[in-house]
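Read the structure below first, then the notes.
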Ligand code: S3P
């Protein structure tokens, strides 16, 4: 069991994209926590935020993190951007890698309306920046390794695999 890699970082830091590629390269399974919650509840993340509110979503994240800790091995796991703020067991799931991006990178990626639509907390740039600043120290604190995630996917993957 174990042998997991847990990707943490802000919205649009590339956790899902890099996670999928890293899983293929390292022959692990890929799990995305937002997708796990959607499968578990039958609702999309945006619907959970709208109808059941953020507190319920955070509860579902903790439930997911506990399941991952008890039940999952040999996987690359993309967390939701808020998980390090509410889940204290991420390091027990696997090695945590913080995909560190500048706010400019994040804001640029979230210019795309489709990317914004999936994320209820990405509607206003000011609120986004406030959360970004609040979370930076939390991500650093939860990280076993910090990866510069501003560049190309090939570069980021190379960096992760080089150890
Ligand atoms: C959130 C990030 C989202 C998703 C939800 C809340 C956050 O995941 O879990 O919208 O609080 O940062 P991504 O980091 O995959 O966008």
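Quick one: count up the residues across the stretch 83-101 that are within 14 Å of the ligand (Cβ to nearest atom), closer than 23 Å to residue 157 by Cα and in a loop (DSSP other than H, G, I, E, B).
Counting residues in the stretch 83-101 that are within 14 Å of the ligand (Cβ to nearest atom), closer than 23 Å to residue 157 by Cα and in a loop (DSSP other than H, G, I, E, B) gives 1.
Is at least one residue of the stretch 105-113 farther than 20 Å from residue 18 by Cβ and either touching a strand residue (DSSP E or B) at 6+ places or on another chain (Cβ under 6 Å) or surrounded by fewer than 17 Cβ atoms within 10 Å (Cβ to Cβ) (or both)?
Yes - at least one qualifying residue is present in the stretch 105-113.
Within 13 Å of the ligand (Cβ to nearest atom), in contact with a helix residue (DSSP H, G or I) (Cβ under 8 Å, 6 or more places away or on another chain), free of Cβ contacts under 8 Å to residues at least 12 places away in the same chain and in a helix (DSSP H, G or I), is that true of residue 47?
No, not satisfied.
From the list 2, 28, pick out the single residue that is in contact with a strand residue (DSSP E or B) (Cβ under 7 Å, 6 or more places away or on another chain), more than 10 Å from the ligand (Cβ to nearest atom), in contact (Cβ under 8 Å) with a residue 24 or more places away in the chain and more than 22 Å from residue 128 (Cα to Cα).
On the way: 2 fails: in contact with a strand residue (DSSP E or B) (Cβ under 7 Å, 6 or more places away or on another chain).
When all the criteria are applied, what remains is 28.
Being more than 21 Å from residue 151 (Cα to Cα), more than 10 Å from the ligand (Cβ to nearest atom) and not in a strand (DSSP E or B) is the requirement here; does residue 129 meet it?
Answer is no for this residue.
Each value in this text was obtained by applying a stated rule to the coordinates, not by laboratory testing. Since the structure is predicted, the reported quantities are computational estimates derived from the model, not experimental observations. Reconstructed Cβ throughout: ideal geometry from the backbone, glycine too, with neighbour counts over all protein chains shown.
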